[in-house]
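Below you'll find the structure, written out as structure tokens, and then a few comments.
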Amino acid sequence: MGILYLVPTPVGNLEDITYRALRILKEADLILAEDTRTTGILLKHFEIKNAMLSYHKFNEHQAVCSVVSRLNAGETVAVVSDAGTPGISDPGFLVAREAVKAGVEVVCLPGATAFVPALVASGLPCDRFCFEGFLPVKKGRATRLAALSSESRTLVFYESPHRLVKTLTQFVETFGPERQVAVCREISKVHEESVRGTLEEVLAHFIETEPRGEFVIVLAGCEEKESKKKNTNE
């Protein structure tokens, strides 16, 4: 029986990769890559030559059976996304689930993610938090936000630059203009930046300054008195 490794790759600075991750990428019989071109650049930088297979959200259902068969035959497979830890808003969950069902050993290496540095550096409570990833683009978006309006834990979202202003505007409408937020962009990259303040202040900043890069939004949870008020009104 083989082993399925979920291997985090840098979200920015290539120095963030671990020695163990490099060893697994060298030794694996196969690397499942979200985009073989992106992973190819990483492998070339670290002088790793290995077989790759494209594995992304459009083909993962078709590819997973053959991958599990190879694992059952004793091969070692390493899964990587374009950046960060596979399965966190990226492909990886499905193959991990099916490998577990098949009795294959699944190992996730510790390593790079975008949301953990953003959360810890936000200045907001990080002892309890709720990771929401990307919100639905259209259907179910309003319902999801309404359900989160009384959440007391710190909330963490991913967002793209072209939707950031729209999302912050909706957050002001749903959570109120005074809710504290930290918007972090380009984690572990040259232009890494965190903008902190109230939702109203941070929205004004990004209306004035065009959003660029990939974003993590860390939003303060609902205070207890605010939550009681909302429940009473409901």
If you check Leu145 against the conditions, is it open to solvent by less than 70 Å² (accessible area, probe 1.4 Å) and either touching a residue at least 24 places away in the same chain (Cβ under 8 Å) or part of a strand (DSSP E or B) (or both)? yes
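Ile88 - would you say it is open to solvent by less than 10 Å² (accessible area, probe 1.4 Å) and within 21 Å of Ala112 (Cα to Cα)?
Values: open to solvent by less than 10 Å² (accessible area, probe 1.4 Å): no; within 21 Å of Ala112 (Cα to Cα): yes.
Criteria not met by Ile88.
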Can you work out which of the residues in the stretch 1-34 that are open to solvent by 20 Å² or more (accessible area, probe 1.4 Å) and hydrophobic (A, V, I, L, M, F, W, C) is farthest from Ala83 (Cα to Cα)? Met1
Residue tally, condition under 20 Å from Arg141 (Cβ atoms) and among the small types (Gly, Ala, Ser), over the stretch 152-208: 2
Do we have any residue at all in the stretch 121-136 that's out of contact with any strand residue (DSSP E or B) (no Cβ under 9 Å at 6 or more places or on another chain), of a type outside the set (Asp, Glu) and open to solvent by 70 Å² or more (accessible area, probe 1.4 Å)? no
On the given criteria, is Phe157 buried (at least 17 other Cβ atoms within 10 Å of the Cβ), within 19 Å of the chain's Cα centre (by Cα) and not in a helix (DSSP H, G or I)? yes
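Here is a check on your reading of the model: is Glu105 at pLDDT 95 or above, of a type in the set (Asp, Glu) and open to solvent by 50 Å² or more (accessible area, probe 1.4 Å)? Don't jump to the end; show me each part of the working.
Values: at pLDDT 95 or above: yes; of a type in the set (Asp, Glu): yes; open to solvent by 50 Å² or more (accessible area, probe 1.4 Å): yes.
Judged against the criteria, Glu105 is a match.
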Any residue in the stretch 27-42 that is farther than 17 Å from Val64 by Cα sitting within a Cβ distance under 6 Å of a residue that is open to solvent by 50 Å² or more (accessible area, probe 1.4 Å)? List the pairs, counting only those 6 or more apart or interchain. Thr38/Asp82
Can Val120 be described as more than 15 Å from Tyr5 (Cα to Cα), hydrophobic (A, V, I, L, M, F, W, C), in a helix (DSSP H, G or I) and free of Cβ contacts under 8 Å to residues at least 12 places away in the same chain? yes
Answer yes if at least one residue in the stretch 55-70 is open to solvent by less than 60 Å² (accessible area, probe 1.4 Å), touching a Leu at 6+ places or on another chain (Cβ under 9 Å) and within 24 Å of Glu192 (Cα to Cα), and no otherwise. no
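The values are calculated or read from the model by the stated rules, or taken from the named source; none is laboratory data. Since this is a predicted model, take the numbers as computed values, not measurements. Using ideal geometry, Cβ is built from the backbone for each residue, glycine included, and neighbour counts are taken over all protein chains shown. These area figures cover heavy atoms from the full protein model, side chains too; ligands, DNA and RNA do not enter into them. Shrake-Rupley method; radii C 1.70, N 1.55, O 1.52, S 1.80 Å.
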